[in-house]
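Coordinate-derived values only; no laboratory data. Everything numeric in this text was worked out from a predicted model, so none of it was measured. Quick reminder, even Gly has a Cβ in these numbers, built from the backbone with ideal geometry, and neighbours come from all protein chains shown.
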Amino acid sequence: MVTPVFTTLGLNGSRPYDGTTIVKADIFALSGLVGSETLSLGGAGTVADKNVGTNKPVTLGTLTLGNGTGLASNYTLAGGTHVATITPAPITAALTAGSTGVSKTYDGNTLAALTSSNFALSGFLGADSASVIKTVGNYANKNVGNNLLIATSLTPADFSVGAGTVMSNYVFPTSVSANIGVIKPASLTMTGVTAQNKVYDATTLANLTGGKLVGVVTGDAVTAGTLTGAFADKKVGTAKPVTVSGLTLGGADAGNYVLNASAVVATANITPRPLTVSGITAVSKVYDGTSTATLNTATASLSGLINGDAVGISATGSFANKNVGNGKTVTLTSSHTGTDATNYSFTDQATASADITPKALSVSGLTAANKVYDGSTTASLTGGALAGAIAGDSVSLGVPTGTFGDKNVGTAKPVTVTGLVLSGADLGNYTLPAAATNIRADITEASDHWQRDCAQ
């Protein structure tokens, strides 16, 4: 009997980690075949454990040879060297927004705060698991925007594996990125804006000074626009609110900020504008027993009045006394009218001057008596009352005398009246004609007896 002689073959294969100890025939290559013969291999064997390793001894299990170009009966696996290498399985990672998203307020840097919920790992086998414990990533740039790229590098120290999971059984990713980031504008405030007090000028313009941006990241190029201020109205007032406009930002980094305009508050005073009144004239008058003066305000000049403002002047005047005089001082008392009058502080005209001229009186009821020729020009007067005197004034008429133009007999002869003079405390406030006119009387012939007596 002939004892068969078999050629011993060896197996060498490799597969990725799959969480089992099974090594299937399709991973192996046969070594030791004679010449160019080929054989097939079927079934599966096992290795001692499931973990990654190199040249791990293989237990043949159901691994069997099959005919190829050569006969399987000429070969044997028994006694051969059979090894398998298990390589790490790949793990993939993705960045996700998670339940809360990945966002921050602009801070001038590219750092992104991450949590484990922002990482999704896939590729684990069986009950194996791991999580990412890294908390920092980087935005592509520092600037404000949505759907921004965030990337982070990963090292083995950035992973925490679950119970029973052998880290070396996997190839973990070294980086991950996704467009999941949001950088929101940082809020700036402006401090130190001061509205300047002003003298009323009929406008609502308010001059502003100061103004400093607070909250700008050091090194950023951000500037504030030119500020303008406006009062709510043009009127005089204290601590009047000023609306600030022009609250805009400029500079290369302006897009990373918003300006809190509501926080900019300013107040200021509008004080009355000086206005000097002049040119009011007093009207001369004929004595009327009062000290009241009539004024002409149409000639008034308002120095300091802004064109278009509604301001009017009314005034009353009073002489120091009622008596006649030239260039008498008139004391003025002024009041101010018009919708804009309260916006001015007035320096009123204090005085003016005018004359009080004497009031002319006349004499009424004065008559000359007819007489019989007596050789003289004397005329006897009766009656005579002052006309035109102010009630209550102390003025009276002196005793007048009458004189015919000659002594001769005649009818309706003119009588010259003299001695028309005034007396009393108020006489200086009046004038009276020096002589009365149109007074006439008759001188009739004397009797013969009178004539003879005169002749003797």
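Segment 274-357: Rg/Rh from Cα coordinates, Kirkwood Rh?
Looking at segment 274-357, the ratio lands at 1.05.
Under 20 Å Cα-Cα from Lys24, which lysines qualify once same-chain neighbours fewer than 8 residues away are excluded?
Straight-line reach from Lys24, under 20 Å: Lys50, Lys56.
Considering only C-alpha atoms, what is the centroid distance from segment 206-237 to segment 132-166, in Å?
42 Å
What is the antiparallel percent of DSSP beta bridges lying wholly in the chain, to the nearest 5? Can you show the working numbers first?
Working: 89 of 118 bridges.
Within the chain, antiparallel bridges account for around 75 percent of the total.
Give the distance, in whole Å, between the Cα centre of segment 80-115 and the Cα centre of segment 338-389.
Taking the Cα centre of each part, segment 80-115 and segment 338-389 sit 119 Å apart.
State the Cα centre-to-centre distance between segment 1-40 and segment 281-336 in whole Å.
Rounded to whole Å, the Cα centres lie 135 Å apart.
Please report Rg over Rh for the chain, where both radii come from the alpha carbon positions and Rh follows the Kirkwood definition.
Ratio of gyration radius to Kirkwood radius for the chain: 1.77.
Mind checking the dipole of segment 269-390: about its Cα centre, +1 per Lys or Arg Cβ, -1 per Asp or Glu Cβ, Debye to the nearest 20?
On the way: 6 positive and 6 negative charges, 56 e Å.
Value, rounded to 20: 260 debye.
Just to check I understand the Karplus step: with θ = phi - 60° and J = 6.51 cos²θ - 1.76 cosθ + 1.60, what whole-Hz values come out for segment 303-314, glycine and proline as x?
7, x, 6, 7, 4, x, 6, 9, 9, x, 10, 10
At 222 nm, what helix-only mean residue ellipticity would the chain give, in deg cm²/dmol to the nearest 500, using -39500 (n - 2.57) for each DSSP H run of four or more? Walk me through the numbers on the way to the answer.
On the way: 1 runs with 8 residues, N = 456.
Dividing the helical sum by the residues of the chain leaves -500 deg cm²/dmol.
Once phi is turned into ³J(HN,Hα) by the Karplus curve 6.51 cos²θ - 1.76 cosθ + 1.60 with θ = phi - 60°, what whole-Hz value does each residue of segment 323-335 show in order, with x for glycine and proline?
6, 4, x, 9, x, 6, 6, 10, 7, 9, 10, 10, 9
Using Cα positions and a limit of under 18 Å, work out the aspartates and glutamates in reach of Lys134, with same-chain residues fewer than 8 apart set aside.
Partners within reach: Asp158.
Using Cα positions and a limit of under 21 Å, work out the lysines in reach of Lys328, with same-chain residues fewer than 8 apart set aside.
Qualifying lysines at Cα under 21 Å: Lys285, Lys359.
From the residues Pro90, Gly289, Pro16, which one has its Cα farthest along the dipole of the chain in the positive direction, the dipole being from +1 and -1 charges on Cβ of Lys/Arg and Asp/Glu about the Cα centre?
Of Pro90, Gly289, Pro16, it is Pro16.
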